[in-house]
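Heads up: the structure comes next, in C-alpha cells.
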C-alpha cells in the first residue's frame, strides 16, 4: 500500500508538479468546448444543407461524412499537423487539434441529425402542409423540434466520445492535461502527476457520461 | 500546372510510396493484430459485466455500474499512458502491444457492457417469467430467450463501437508501437515527404468505409424505430 501511494499519490511530487498539471486542465477545457461547439454547429449546418437536396452538394457532404467517420481521430490530427504544412498551411497544435476533432464531430453529428430528420414520420410533413405551412416553415416548426429530440442522446454520446480525444493533442505537443502530466512525470521520475491528470479527466467527463445515460434512458431508444 | 505538380510531388509522391510501402504493410499487419486481439476480449468482458449486473445483488450492481462509467469517462489514451508509463513503477512492465490491448479492452469492455446492459434491460421481464414457466433454469432462460432478443435490439451500437475500437488501435502510435499510423510517421521522416501519412489515411478510409456505411444504416433504422 505504501509503495502504491509513493508511486501514484506522492504528496511531495504532487505539491511540486501539481500546478503544472492544472495549467493543462484549462487548455483541455478550452479544446473540449470549442470542439463540441464547432463540431455540432458545422454538423447541423451540413444536415440542413442536405435538406436542400442539391445533387452535387449532397455528394460532397456525403463524402465528408463518410471520410471523417472512417478516419481515426489521431490520424486526422497527425495529418493536419504534420502533412498540411507541406501545402503551406501551418497550424498551431491548438488549432490543429480543434480543427481535426471539429471535423470528425461534424461528420458524426451531420449523419445523426440528418438521420433524425429522416426518421420523423412523413405524416408530420403532410400535417404541416394541411395546416397551410410552407416547406421551410414545416422543417423549422414541426420536423426539427422532433428530430432534435430524437438526435439528442446519440449526439450527446458522440460529442463526449470525440471530446475525450482532446487528450490526443498530446501527440502534437498541445500543452493539455495529458501532455503536461507526462512531462511532469518524466521530470519527477514518478507517475503521481499522471494520476492527478486521470482524476481531473474523470471530474471533467464523468458528469457528462452519467448525464448522457440519463438522456438515453429518458428517450428509451432500445425498445 | 505548376501548383498541381507541386501538390502531387508532396502528397502523392510515387517514389516515397515505393520506398515505404513495406513499412506501411507491416504497420497494417500490426493494426489488424491489435484489433483482432482486443475486439473479442472487449466484447466478452463487456457481456460478462452485463450478465453479472443482472445476476448479482444491489452492491455488485452499483460497483459494476461505477466501473463502467469510470472507464467510459476515461480517455483511452490516458488509460494507455497510465498503464504503459505508470505500471512499471509498481514493477509491472508490459510490452507496448500488451499495454495497448489492455487499454483498449478495459475501455471498450465498459462501452460494450453498457450496450449489452441496455439491451437486456429492454427485454420485458415477462419473457423471463414465460421461459421459467416452461421449465427452463435461470441461466437457460437468459441464454436461450432473453439474450438473443437483447442482442437484436443493440446491433447498431455494437457495430458502431466495434468500429470505434478498430480506429482506436491508432493510439498505439503514442507508445511507439509500429502500427499503421506510427509506421507512416516513420516513413514520413525517412522520406521528408508526407505521402506515407496520406497513404496511411487512405488505407484506413478504404478499409473502414464499408463499416461506416453499415453502422450509419443500422443507426438510421434504430432512429426510425424510436420515432415510431
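Under the condition of being more than 10 Å from every other protein chain (Cβ to nearest Cβ), under 19 Å from the mean Cα position of the chain (by Cα) and under 20 Å from residue A:84 (Cβ atoms), the residues counted in segment B:168-198 number 0. Within segment A:195-223, the set of residues being over 16 Å from residue B:70 (Cα atoms) and assigned to a helix (DSSP H, G or I) comprises A:215, A:216, A:217, A:218, A:219.
Here residue A:63 does not fit the description of being part of a helix (DSSP H, G or I) and either buried (at least 19 other Cβ atoms within 10 Å of the Cβ) or on the phi > 0 side of the Ramachandran plot (or both). When B:201, B:205 are checked against the criterion of being under 30 Å from residue A:150 (Cα atoms) and within 10 Å of chain A (Cβ to nearest Cβ), B:205 stands alone in meeting it. For segment B:57-70, the criterion of being farther than 28 Å from residue A:164 by Cβ and in contact (Cβ under 8 Å) with a residue 60 or more places away in the chain is met by none of the residues.
Please verify whether segment A:90-103 includes one or more residues that are at pLDDT below 95, out of contact with any strand residue (DSSP E or B) (no Cβ under 6 Å at 6 or more places or on another chain) and either crowded, with 17+ Cβ neighbours inside 10 Å or farther than 30 Å from residue A:179 by Cα (or both). Scanning segment A:90-103 turns up no residue that is at pLDDT below 95, out of contact with any strand residue (DSSP E or B) (no Cβ under 6 Å at 6 or more places or on another chain) and either crowded, with 17+ Cβ neighbours inside 10 Å or farther than 30 Å from residue A:179 by Cα (or both). Listed by position, the helices (runs of 4 or more DSSP H) inside segment B:70-137 whose residues that are within 12 Å of chain A (Cβ to nearest Cβ) and surrounded by fewer than 22 Cβ atoms within 10 Å (Cβ to Cβ) number at least 3 are B:96-122. Residue count for segment A:21-51, restricted to those that are buried (at least 16 other Cβ atoms within 10 Å of the Cβ) and farther than 30 Å from residue A:147 by Cβ: 5. Residues that are touching a helix residue (DSSP H, G or I) at 6+ places or on another chain (Cβ under 8 Å), modelled with pLDDT under 95 and farther than 29 Å from residue B:221 by Cα do not occur anywhere in segment A:34-49. Kindly establish whether residue A:12 is assigned to a helix (DSSP H, G or I), more than 10 Å from chain B (Cβ to nearest Cβ), over 24 Å from the mean Cα position of the chain (by Cα) and surrounded by fewer than 15 Cβ atoms within 10 Å (Cβ to Cβ). The answer is yes for residue A:12.
The values are calculated or read from the model by the stated rules, or taken from the named source; none is laboratory data. These figures come from a predicted structure and were not determined experimentally. Reconstructed Cβ throughout: ideal geometry from the backbone, glycine too, with neighbour counts over all protein chains shown.
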